[in-house]
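Inspection log for the structure reproduced underneath, given as structure tokens.
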Amino acid sequence: MTVGEKEKTVIIGVTGGIACYKAVELVRLLVKDSLAVQVIMTRAAMEFVTPLTFQTLSGKPVATETFNLTQESEIGHINLADSADLFVIAPATANVIGKIAAGIADDLLTTVLMATQAPVLIAPAMNIHMYENPILQENIRKLRRIGYHFMEPAEGYLACGYEGKGRLPEPEKILEEIRSLLRKKDLLGERFLITAGPSREPLDPVRYISNRSSGKMGYALARAAVRRGAGVVLVSGPSAIEPPSAVRLIPVNTAAEMRRAVLEQFPECTAVIMAAAVADYRPVDASSKKLKRGKAPLDIRLEPNPDILRELGRRKNGKLLVGFAAETEELIANATRKLHEKNLDLIVANDVTQAGGGFDGDTNIATIVDRSGASDSLSLMTKDELADRIYDHLLALKDKHSDGNS
Ligand code: CTP
């Protein structure tokens, strides 16, 4: 892949896990895609695959040692760091992620990484219990916050004998992610207002009504927008996910708080993407004291919350509006009705009854519908991939608008 005339250089850092064999295929795919590939291996990685394998495929000597005089004079670790358009670590062990998060640079890979200014993509692969270890998860959160990109491990049979999350994603998937990170910043100048997560409507000081939204879709949209050059304000209901540091986060709880924050930010943005699962109703009188247990059934009266997106649709003012429609029946018909009723430009419809298409997971199955009635039915994909597709549609709409106005 070349942008302009310049060939792009990708550093592939290979660390010591059984998934090293997949990194071999990844390097082959990258070279086939006309990318210049420089492999750096850790000592542990060389226990699994020999440098000769990577050298033969990449056509370049593999860098392995910080203090090897020949390598240092011929390549040099700072030159290596400067040469990268993208730095990928695949597979990444829990150990290397821990070292990076702690700022340790005690081998060539971590030293070059410390010196690079290129974006970094990390693809962890390990035993499921190691992956779920809170120390590793904390390290990933920290690195994400700083701006490192992560690929979620795939689920399935693991070499250690367990089933679960921990497999290195297939090389084709990593290649796709690499292509997307190398893509030019096509959202520069845009300022997106994105909402994410559920709203919580209090019943009393300790209880609330809410829904199963995790915030994953909205945060994936925020990450993708930042990666593609947009400014992002993220108005988020409660979520365990960390946004990248470039995102301005406005945390909220209730739909009313979300409405207030969104209306306040609206004048400054170029587009709004409402991925939040806003509760349609709230208790009429939230009790200021904890409700006590009683013998009789408890009736709770609910009143409708304001429809934030509909309100934005009324005062649109040239901004692009994107909504989501989580449906259990009549997917396209319901989504299209919402698109017109709320005066939106795009709606992302998903059937939450389909496996892999519901709340909380890392994937989604969506159909993107626009005002002309055109619909793009997408297959099962990660929420990160879906975020990119939504932006591709948004850009295509903008192009159409500007063609129409010229
Ligand atoms: N939405 C909103 N304010 C609300 C409810 C929903 O802004 N009070 C937004 C959502 O963020 C989403 C879109 O409207 O982008 C559609 O939400 P959805 O819950 O699917 O539709 P509703 O209009 O609430 O209709 P229903 O729940 O009856 O399907």
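Residues whose amide H lies under 5 Å from that of Leu203, counting only those 5 or more places away or on a different chain, are Tyr208, Ile209; hydrogens are built 1.01 Å from N in the peptide plane. In this calculation the C-beta distance from Lys319 to Ser287 is compared with R0 = 41 Å, giving a FRET efficiency of 0.60.
For Cys160 and Glu329, compute 0.36 nm times the residue count separating them, minus their Cα-Cα distance, and round to one decimal in nm.
Working: separation 169, 0.36 × 169 = 60.84 nm, distance 4.13 nm.
Answer, rounded to one decimal: 56.7 nm.
For the range 170-191 and the range 203-237, what is the centre-to-centre distance using only Cα atoms, to the nearest Å? Spelled out, the Cα-based centre of one part sits 21 Å from the other.
Across the range 343-355, coupling constants 3J(HN,Hα) worked out from phi with the 6.51/-1.76/1.60 Karplus curve, θ = phi - 60°, read 6, 9, 9, 9, 9, 9, 9, 9, 8, 6, 8, 7, 4 Hz, and Gly and Pro carry x.
Antiparallel as a % of all DSSP beta bridges within the chain, to the nearest 5?
Working: 22 of 64 bridges.
Of the beta bridges lying entirely in the chain, close to 35 percent run antiparallel.
Each label was represented as a point 7 Å from its Cα along the Cα-to-Cβ direction; for Glu65 and Asn343 these points are 7.0 nm apart. Each peptide in 189-198, 337-346 was scored by the mean count of other Cβ atoms within 10 Å over its residues; highest first, the order is 189-198, 337-346. Put a dot 7 Å past the Cα of Arg207, heading toward its Cβ, do the same for Asp33, and the two dots end up 5.2 nm apart.
Helix content alone sets the calculated 222 nm mean residue ellipticity of the chain: runs of n ≥ 4 DSSP H residues at -39500 (n - 2.57) each, divided across all residues, give -10500 deg cm²/dmol.
How large a share of the accessible area of the chain, in percent, is made up of carbon and sulfur atoms when the probe is 1.4 Å and the other protein chains stay in place? List each step's numbers first, then the result.
Working: 9960 of 19540 Å².
Carbon and sulfur together cover 51 percent of it.
Our estimate of slack between Glu268 and Glu170, defined as 0.36 nm per intervening residue step minus the Cα-Cα distance, is 31.2 nm. Once the C-beta distance of Arg260 and Met114 is scaled by a Förster radius of 41 Å, the resulting FRET efficiency is 0.45 to the nearest 0.05. May I ask you to derive the FRET efficiency for Val352 and Ser379 from their Cβ-Cβ distance with R0 = 22 Å, giving the value to the nearest 0.05? About 0.85, to the nearest 0.05.
The values are calculated or read from the model by the stated rules, or taken from the named source; none is laboratory data. Because the structure is a prediction, the values reported are computed rather than measured. Cβ coordinates were reconstructed from backbone atoms using ideal geometry, including for glycine residues, and neighbour counts include every protein chain displayed. Side chains included, ligands, DNA and RNA excluded: accessible areas come from the protein's heavy atoms. Shrake-Rupley method; radii C 1.70, N 1.55, O 1.52, S 1.80 Å.
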